[in-house]
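**Q** Here's a structure for you.
The numbers here are math on the coordinates, done by the rules we state, and not lab data. This one's a predicted model, so the numbers in the text were calculated from it and none came from an experiment. Note that each Cβ is placed from the backbone with ideal geometry, even for glycine, and that neighbours are counted across all protein chains shown.
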Amino acid sequence: MSDFAFPETNQFTARLFDKLSRHPKRVVFTEGQDIRVLRVAEELVRRKIIAPILLGKVDGIKKLAAENGVSLKSINVIDPPKASDFQLFCDRFRRQERFRRIYASAKDAVGFMSRPAYFGAMMVQYGQADAIVSGNISAPVSVFRPLLQMIKPLPTVPAVYSTVVMVDDRRSDQDDRILFLSDTGINPEPTPEQLAAMAVETAKLCRHLEQRAPRVAMLSYSNKGSSVSASTRKMEAATALARELARREMIELDIEGEIQADVALLPNIAEKKVPNSVLKGAADVLIFPNLDASHIAYKLLAHFAGLKPYGQIIQGLSRPAAQISRSSSEEQILGTAAAVAVEAIEFRKLIEKEEDFLV
């Protein structure tokens, strides 16, 4: 075993680990030749919560593990071109209609499937892994493109987007505060319809991972019409659409917007600025008007305010996936893998319902 020590769990990760101890899942890491991922894989096996699958050059991964005292026991290491399913995946790739129009040759299929990001996404799409984690080495675009191309989108969600879970565990005398931020990685200027879907879907994610009723804030620089611009009107419209969507889906959900971040998060500020606030400064799902705002907020909270980020969790796909930052710590990678694995529990229920219906 490695002598690397993981920090103690916080309330967010402790709940995930507890649930996975009863429902372990398989998670594929597409960039396995990384000491952080090796340590995470060893810890997952030690905790008996996830069966890790590492993609990459087998000899390189074994050498890195040996040099750092990491055990590869019960860890599946796969070099995609040498995998037993490699040719099957190439054939499936060629049969996909949207790729037949562009990539006609067997050489094209071999080239794509040799890339761990594409091979891993195909593993998840066809049930050989329950969730996928990528991005610890590659740029985000190298992660998002294979996921969007290989994994089917959910027809009920108008845009694929990403969510970061931020955990504030610095106060030993209080419960950890856990925030869900969307969209933090994909859509530069989401429409009101997309924002509404993000609000409801992120609330579902919060409810599933946290087992509590979520409180959704549609963020702006304005409080309910105190300033008027195209951006504030967009968030006002998104709020109305989100409430209607939640009503149609019969989801009980507190949604408020457009409101400022301090009103969403601080009870004393909410009481002064918006006395009739529904959320009363206790929001835990934050929906941002654009990617600039969300990504800047996420980085400031992580690097200057000291909150721990997990994700980005990719939503709107038919299989659980996450893109992690190249600066992620072992603990953050561990928590992110646990989050998408817990999501896979819910996805498994949905798949079983679909299969029952087909029968």
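**Q** What share of the DSSP beta bridges in the range 161-303 is antiparallel, in percent to the nearest 5?
**A** 35
**Q** Please compute the net charge surrounding A238, taking Lys and Arg as +1 and Asp and Glu as -1 over other residues with Cβ under 9 Å from its Cβ. Walk me through the numbers before you get to the answer.
**A** Values: positive: K234; negative: E193, E236, E258.
After counting each charged neighbour, the total is -2.
**Q** Any idea what angle helix 35-47 forms with the longest principal axis of the chain, computed on alpha-carbon atoms, 0 to 90 degrees, nearest 10?
**A** 90
**Q** Counting pairs of alpha carbon atoms under 8 Å apart in space and at least six apart in sequence, what relative contact order in percent does the range 231-355 give?
**A** Details: 103 pairs, mean separation 16.8, N = 125.
Normalised by residue count, the contact order of the range 231-355 is 13 percent.
**Q** Oh, and also: Can you give me the Cα centroid spacing of the range 259-280 and the range 304-323 in angstrom?
**A** 26
**Q** With the chain treated as a Gaussian network of Cα nodes joined by springs under 10 Å, which of D254, D130, D175 yields the largest mean-square fluctuation?
**A** D175
**Q** When a footprinting reagent is the concern and you count Cβ atoms within 10 Å, what order do Y126, Y310 take, fewest first? Intermediate values should be presented prior to the final figure.
**A** Numbers: Y126 15, Y310 29.
Neighbour counts put them in this order, fewest first: Y126, Y310.
**Q** From the helices alone, meaning DSSP H stretches of at least four residues, give me the mean residue ellipticity at 222 nm for the chain, per-run term -39500 (n - 2.57), in deg cm²/dmol to the nearest 500. Mind showing how you got there, number by number?
**A** Values: 14 runs with 170 residues, N = 359.
When only DSSP H runs of four or more count, the value is -14500 deg cm²/dmol.
**Q** Follow-up. Whose amide H sits under 5 Å from the amide H of N76, counting only residues 5 or more places off or on another chain, with H placed in the peptide plane?
**A** L54
**Q** For the chain, set up a GNM with springs between Cα atoms under 10 Å and report which of T202, T156, T30 has the largest fluctuation.
**A** Most flexible of the set in this elastic network: T156.
**Q** Please tell me the relative contact order of the range 161-303 in percent, rounded to the nearest whole number, where contacts are Cα pairs under 8 Å and at least six residues apart.
**A** Working: 282 pairs, mean separation 44.4, N = 143.
In percent, rounded to a whole number, it is 31.
**Q** Taking one equal scatterer on every alpha-carbon of the range 161-303, how large is log10 of I(q)/I(0) by Debye at q = 0.15, 0.19, 0.20, 0.21 1/Å?
**A** For the range 161-303, the Cα-only Debye profile gives -0.68, -1.13, -1.26, -1.40.
**Q** A further question on this structure: In the range 148-173, whose amide N lies under 20 Å from the spot 7 Å out along Cα-to-Cβ of F304? List them in ranges.
**A** 164-170
**Q** Treating only the Cβ of Lys, Arg, Asp and Glu as charged (+1, +1, -1, -1), what charge dipole size does the range 130-249 show about its Cα centre? Round to the nearest 20 debye. Could you put the intermediate results ahead of the total?
**A** Values: 15 positive and 14 negative charges, 63 e Å.
Around 300 debye, computed over the range 130-249.
**Q** Hey, can you rank 3-16, 47-60 by average C-beta count inside 10 Å, highest first?
**A** The peptides rank, most packed first, as 47-60, 3-16.
**Q** Greater than 32 Å separation of Cα atoms is the criterion. Which listed pairs, K272/K308; K204/K273; K204/K234; K63/K152; K234/K299, meet it?
**A** Long pairs (Cα-Cα over 32 Å): K63/K152.
**Q** Taking the Cα centre of the chain as origin and charging only Cβ (+1 Lys, Arg; -1 Asp, Glu), how large is the dipole, in debye to the nearest 20?
**A** So the magnitude is around 760 debye.
**Q** Cross-link partners among aspartates and glutamates for K25, C-alpha distance below 16 Å, same-chain residues fewer than 8 apart left out?
**A** Those aspartates and glutamates meeting the cut-off are E42, E43, D130, E343, E346, E352.
**Q** Just to check I understand the Karplus step: with θ = phi - 60° and J = 6.51 cos²θ - 1.76 cosθ + 1.60, what whole-Hz values come out for the range 257-268, glycine and proline as x?
**A** Whole-Hz 3J(HN,Hα) from phi for the range 257-268: x, 7, 9, 6, 5, 5, 5, 5, 10, 10, x, 5.
**Q** Could you work out how far the C-alpha centroid of the range 56-93 sits from that of the range 32-50, in angstrom?
**A** 14
**Q** Of F144, V110, S222, which is farthest along the charge dipole of the range 109-249 in the positive direction, counting Lys and Arg as +1 and Asp and Glu as -1 at C-beta?
**A** Towards the positive end, the residue furthest out is S222.
**Q** Considering the convex hull of the alpha carbon atoms of the range 1-147, report its projected area averaged over all viewing directions, in nm², one decimal. Numbers along the way, then the final one.
**A** Values: hull surface 38.2 nm².
Computing the convex hull of the Cα atoms and averaging its projections yields 9.6 nm².
**Q** Another question about this same structure. Using 0.36 nm times the number of residues separating D18 and V228, minus their current alpha carbon distance, what extension gain do you get? Can you show the working numbers first?
**A** On the way: separation 210, 0.36 × 210 = 75.60 nm, distance 4.64 nm.
71.0 nm is the gain from fully extending D18 to V228.
**Q** In a shell of Cβ-Cβ distance under 9 Å around P52, excluding P52 itself, what net charge do Lys and Arg (+1) and Asp and Glu (-1) give? Could the numbers behind the result be given before it?
**A** Working: positive: R26; negative: E42.
Surrounding charge for P52 is 0.
**Q** Using 0.36 nm per residue, how much length does the chain from E252 to E193 gain when fully extended, once their Cα-Cα distance is taken away?
**A** 19.3 nm
**Q** Another question about this same structure. Which number comes out as Rg/Rh for the chain once both Rg and the Kirkwood Rh are worked out on C-alpha atoms? Kindly include the intermediate steps, with their values, before the conclusion.
**A** Details: Rg = 20.9 Å, Rh = 21.2 Å.
Using Cα coordinates only, the ratio equals 0.99.
**Q** Quick one: length gained pulling Q96 to N68 fully straight, 0.36 nm per residue minus the C-alpha distance? Walk me through the intermediate numbers first.
**A** On the way: separation 28, 0.36 × 28 = 10.08 nm, distance 4.14 nm.
Gain on stretching Q96 to N68: 5.9 nm.
**Q** If you place +1 on the Cβ of every Lys and Arg and -1 on the Cβ of every Asp and Glu, how big does the dipole about the Cα centre of the range 178-238 come out, in debye to the nearest 20?
**A** Details: 7 positive and 6 negative charges, 52 e Å.
Dipole size: approximately 260 debye.
**Q** Mind checking the angle between helix 192-210 and the chain's longest principal axis? C-alpha axes, 0 to 90 degrees, to the nearest 10.
**A** 70
**Q** Moving on to the next point. Size of the range 82-204 along its principal axes in angstrom, Cα-based, largest extent first?
**A** 59, 34, 25
**Q** What distance in nm separates the simple spin-label points at D59 and S114, each placed 7 Å from Cα in the Cβ direction?
**A** 1.6
**Q** Springs between alpha-carbon pairs under 10 angstrom, Gaussian network model over the chain: which of L266, L307, L241 fluctuates most?
**A** L266
**Q** Fewest first, what order do F89, F29 take by the number of other Cβ atoms within 10 Å? Display every interim value, and only then the final one.
**A** Details: F89 24, F29 30.
Fewest-to-most Cβ neighbours within 10 Å comes out as F89, F29.
**Q** May I ask you to derive the FRET efficiency for Q174 and L88 from their Cβ-Cβ distance with R0 = 56 Å, giving the value to the nearest 0.05?
**A** Values: r = 52 Å, r/R0 = 0.92.
Here the calculated transfer efficiency is 0.60.
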